[in-house]
1. Label the stretch B:57-198 by shape, choosing from rounded, prolate and oblate, from the square roots a ≥ b ≥ c of the eigenvalues of the Cα gyration tensor; if a/c is under 1.5 it is rounded, and otherwise prolate applies when a/b is larger than b/c, oblate when it is not.
2. Which value does Rg/Rh take for the protein assembly as shown over its C-alpha atoms, Rh per Kirkwood?
3. Counting only residues 5 or more places away or on other chains, whose amide H sits under 5 Å from the amide H of B:Ala16 once H atoms are built in the peptide plane?
4. Could you state the number of Å between the C-alpha centres of the stretch B:6-28 and the stretch A:127-202?
5. What does the charge count near A:Pro145 come to, summing +1 for each Lys or Arg and -1 for each Asp or Glu among other residues with Cβ under 14 Å from its Cβ?
6. Using the count of nearby Cβ atoms within 10 Å as a rough guide to exposure, how do A:Val138, A:Val78 rank from fewest to most?
7. Using amide H atoms built in the peptide plane, which far-off residues or other-chain residues are under 5 Å from B:Val201 H to H?
8. What does the average come to when, for each residue of peptide A:103-114, you count the partner chain Cβ atoms lying within 10 Å of its Cβ?
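Rule-based calculations on the coordinates, nothing more; no lab input. What you see is a predicted model; the values in this text were computed from it and never measured. Positions of Cβ are generated from backbone atoms using ideal geometry, with glycine treated the same way; all protein chains shown enter the neighbour counts.
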Amino acid sequence: MRNIWTIAMREFKVYFTSPIAYIVLAMFAVVFGYFFTSGLAFFMDYSASVQAQGGAGAPPLNVNQFVIEPSLGNMSIVLLFLIPMITMRLFAEEQRSGTIELLLTSPLQDYHIICGKWLGALLLYGCLLLVAVLNLSVLFLYTTPDWKPLLVSLLGLLLMGGSMIAIGTFLSTLTRNQIVAGALTFGVLLLLWVLNWISSYETSTFSRICEYLAISPHFEQFSKGVIELKDLLYYLSAISLGLFLSKRSLEALRWKA
Amino acid sequence: MIQVEGVTKRYGPKTAVSNISFEVERGEIVGFLGPNGAGKTTTMRILTGFLPPTLGTASVAGFDVGKSPIEVKRRIGYLPESPPLYPEMEVGDYLRFVAAIKRIPKREISRRVDAVLERTATGAVRDLLVGKLSKGYRQRVGLAQALIHGPEVLVLDEPTSGLDPKQIIEVRGLIRSLAGEHTILLSTHILPEVAGTCGRVIIINEGRIEASDTPENLTAQLQGANSLLLDIEGPSEQVRERLELDLAVRKVVEHEARNGRTVWRVEADKDENLTRRLAEAVVTSGWGLYGMQSLGLSLEDIFLKLTSDESAAAQAEEVVPEPEAAESEPPADEGSESGEGADE
C-alpha cells in the first residue's frame, strides 16, 4: 500500500509541477461554471413562470432535478476531453524518457506501479470534482437541495472517471508517444460514449449489448441518486479490466523492450 | 555474488545474447567490454530483472532473478545507460522518491538521501530541478539513485558515456571509491576505462563472451603478445620444458585436463613461425598433438574490432601515464551515442 501511495503522490505532484493540472482545472472550471450558470438561469426563469401560472399554491421546483442533475450530467461530456489529457502521459512518458527502467528494476510489483499511477490520476480528477462541488455549494446558500442524491452523483462520477482513467492508463502503456496515447484514449472513450445511440433505433440483442457497454447510460441512475448494482458492477469491472490490461501490457513491455 | 549461467536472449529472430555464463565474486569490480550492440545492455537488463532471459538462469546474491525478482531488485543498484531521471522533480525530492520505492523505511529516508548526496558530491544541486542539471551532474544523480538503498551489487551501464574528460575522471574516481563495499559490474566500450577501474574484464562481442581476464593480461596480449592453446598427449614435465625451450615463449601454464591429455596455454612474443615451430617440436618429440588454437590473435582481432577508434587513446595512456592523456577519448564516446539502438 505504501508503494502504491508513493507512486500516486509522485504522479499527483507532477501534474502540478507541469502545466497539465492548471490547464485541465482551468478548462473544467470555465466549462462547468458555464453549465452551472446556464442551468441556474434556466431554473430561475422556469420557476418564475411556474409560480406565475400556478400562483402561490404550486409546489416549489426541485433544485436537484433542475440544476444539479443536468450540470453533473453534462460534466461527463467534458471528461471525454479532459481524461485523455490526464492519462496520456502516465506510461508513455516513462517509456520515452527511460524512467520506466527505474520503476521496473525497483522492488515493486507491477500492480503497485499501475494502481499508483491510476490513483495519482484519480486524485487530480478528484480536484475537478471539488471544483464542481464548489460551484454547487452556492446552491446551499440560497436554497436547500437534497444532499444525499448529490453525494450519490459524485460517487457515480468518481466511478465513471475512474473507469475512463483506467482505460486511459492501459492505452498509455501501448506507446511511448503521448499524442498517440491521448488520441487513442479519446477515440475509445468517444466510442464507448456513443455506443448506446444505436439502441434508440433498434432493439436487437446487439444493440442491447451496445447499450450495456456504453459508459454514460450507467451514470443516469447515479445522477438521480439511485445506486443500482448493475451500474456499480459495470464501473468496477471497467476499472478492473483497464488495470488488468495495463498489467498484461506492462509484462509484454518487458518481453519486447 | 553474480552468477549467470547459459543465458540467451532473443528478440524475435535476432539473438542479442547467446549462451553466456560468468561469475562475479563479492567485492570485485568487473568491466563488461564490448562494442555497441554486443549485448552488454541486454545482459545487464536481465541481471536487474528488467528483461526475462529466453534461456538460462541468472542469480544475484543467491537469489534467482526469475524466481525472486523482488529480493534481487532490493540488492541491486542499477544505473541504466541514460540515467532514469524525472526532469520535473527536484534532485532531493527525486532521491526521496527513489528511496521510497526501494522500500527504505520512512524514518531512514532523510539520512540516506543526505548520505548519497554527500557521497556523489551532489549536495549543491539538491534543490535544483533534475531537468536543469548538466550531463555530469545527471550522471552523479543517477549514481546516487543506484546507491541509495545500499545495494550489495551495482550494475552500471556505460557510466561515463557522454561526459567530458574531467567528468569522466571524477565519475571513475567515484566508482573506484565504491569498490569494496559493493560488487560492481560496469559496462563500457572503452579499453582504458576498464584498465583504470576494473579488477577483471569480460569481453563480449556479438552476444558471446570472448575472453575474461585481468586488464593487465589483456593489455599484454594487445601489445603484440601471442597466446596459444596446445592439446598435447605426453609427459607433463617434459612437455613443459620442451615448450619453454622456444625463445619466443614467455610462459607455459596448464589450461585444463582433457581425456588424459593436457591442454597447455602458451604465452609468447609475437612470432609468425611460432605455431609451426611448436608443432614440429611436439611431433618430433614423439608426443601426440591433438589440437592447436591461437588465442592471442583472435583476441587481438576482437580488440581491433572493439576499439578501432580507441587504440590511439589506449596507446597514449601507455606512453604518458598522465590521467588527462588517457582520458582523451570523447570523440569515440560521441560516435557511440548514435549507434546505441542495437542494444535496446
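1. Details: a/c = 1.72, a/b = 1.03, b/c = 1.67.
Since a/c reaches 1.5 but b/c is at least a/b, the shape of the stretch B:57-198 is classed as oblate.
2. Working: Rg = 32.9 Å, Rh = 28.4 Å.
Rounded to two decimals, Rg/Rh equals 1.16.
3. B:Lys9, B:Arg10, B:Tyr11
4. Between the Cα centres of the stretch A:127-202 and the stretch B:6-28 lies a distance of 48 Å.
5. Details: positive: A:Lys148, A:Lys224; negative: A:Glu69, A:Asp146.
Result for the neighbourhood of A:Pro145: 0.
6. Working: A:Val138 11, A:Val78 18.
The fewest-first ordering by Cβ neighbours comes to A:Val138, A:Val78.
7. B:Gly31, B:Asp213, B:Thr214
8. Details: counts 3, 9, 18, 15, 13, 6, 2, 0, 0, 1, 1, 0.
Rounded to a whole number, the mean comes out at 6.
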